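Notes to accompany the following structure.
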Amino acid sequence: RFISIPWLATIYDVSFMRYPESFPRLNRMYLTWAVRHAVQRADGLIAISESTKRDLVEWFGAAPERIRVIYCGKDAAFAPATDRAALDAWRQARGVPAKMILFVGTIEPRKNLGRLLDAYQSLLPTWPELKLVLVGKKGWLYNSFFQQLQQSGLAECVILPGYVKEADLPAFYQLARLFVYPSLYEGFGLGPIEAMACGTPVVCSNSSSLPEVVGSAGLLVDPTDTAGLATALRRVLAEPDLSADLKQRSIAQAGKFSWAKTAAELTELYRSLIRPTSLPAPGAV
């Protein structure tokens with residue numbers, strides 16, 4: 001007897017179907033083929049959110065019973081700061097602004113950063129020293145965002161550190177007045193989870209998987225409503241009680257997600273699919 005190893009395919013999202021205009025053509029074609037192949041051939045499918053599961057059923061005709069939802073986790077390094085003096089020294093040594101709104105993610109159309117620029121600009125008359133820090137590398141189709149940034153006159157107010165090492169990310173979250181994530185579509189949303197784990201108030205979209213991840217621990221807004229986004233940002237900045245409440249809710253919500261839990265659920269799923277198989281008889285075809 002031998003063990004038949006199942007083929008499980010993990011699908012993170014189908015953003016290329018929801019927002020095809022946000023992807024280069026060849027990238028979109030490859031992703032469509034790859035997911036369709038996985039849906040047709042894999043022994044089982046893993047979706048990283050209920051939202052992705054629904055999309056696999058809707059866009060690729062996957063049978064719901066073949067899909068297991070297993071959420072992503074977060075690293076233990078993402079936690080509230082324990083030494084504010086050391087954190088402030090770290091900030092000064094690296095030139096990180098003292099007052100900032102933080103976004104972490106790839107610069108690409110789906111992240112909706114153009115509307116974030118507009119919402120942020122409306123805050124400056126009240127908080128002129130507030131900076132917008134966009135952590136993340138360039139993805140694709142980003143030229144329109146940088147054109148808007150130059151035309152807006154915000155170039156000196158928006159900080160673009162580019163890619164940041166994983167070890168430095170917790171400090172960015174811990175220093176931020178709030179974390180904003182206006183993405184049009186996400187399969188899960190690691191940024192909001194990491195921010196919440198650090199006790200940072202979160203304002204994010206009410207679309208796709210993000211309500212699953214954030215729950216009632218953040219302010220959820222329509223990502224196409226620039227005024228609504230600005231209002232949510234303003235509330236967190238101007239209402240200390242709200243900010244403090246969101247911090248406490250965030251830590252509790254983030255505690256529901258861990259890589260250890262993810263690994264345990266993956267292990268259990270694999271074990272449930274492994275079946276002993278008899279070897280063929282000698283000379284059998």
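The values are calculated or read from the model by the stated rules, or taken from the named source; none is laboratory data. Model, not experiment: these values are computed from the prediction. All Cβ positions, even for glycine, are placed from backbone atoms using ideal geometry, and neighbour counts span all protein chains on display. Side chains are part of the model used for accessible areas, which takes the heavy atoms of the whole protein and leaves out ligands, DNA and RNA. Shrake-Rupley method; radii C 1.70, N 1.55, O 1.52, S 1.80 Å.
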- Note on the structure: For the stretch 1-158, inverting the pair-averaged 1/r of distinct alpha-carbon atoms gives a Kirkwood value in Å of 19.3
- Message: Roughly how far apart, in whole Å, are the Cα centres of the stretch 92-107 and the stretch 231-263?
- Response: 18
- Item | Under 20 Å between alpha carbons - lysine pairs in the stretch 97-216 that sit 8 or more apart or on different chains | 6
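Carbon-plus-sulfur fraction of the accessible area of the stretch 1-152, 1.4 Å probe, in percent?
51
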- Per residue value of the accessible surface for the chain (all protein chains in place, 1.4 Å probe), Å²: 49
- Message: Just to verify a number: FRET efficiency for Tyr12 and Ser243, C-beta to C-beta distance, R0 = 25 Å, to 0.05?
- Response: 0.20
- Query: Just how large is the dipole of the stretch 209-270 about the Cα centre, in debye to the nearest 20, putting +1 at every Lys and Arg Cβ and -1 at every Asp and Glu Cβ?
  - Reply: 180
- Compactness relative to 2.2 N^0.38 Å, alpha carbon Rg of the stretch 2-68: 1.15
- Amide H of Lys131: which non-local residues (sequence gap of 5 or more, or other chain) have their own amide H closer than 5 Å, using H built in the peptide plane? Lys99, Met100, Ile101
- With a Förster radius of 22 Å, plug the Cβ-Cβ distance of Trp140 and Trp33 into 1/(1 + (r/R0)^6) and report the FRET value to the nearest 0.05. 0.75
- Task: With runs of 4+ DSSP H residues as the only contributors, calculate the mean residue ellipticity of the chain at 222 nm using -39,500 (n - 2.57) per run, divided by the residue total and rounded to the nearest 500.
- Result: -13000 deg cm²/dmol
- Taking a probe of 1.4 angstrom, what is the accessible area of Lys99 in Å², to the nearest 10? 90
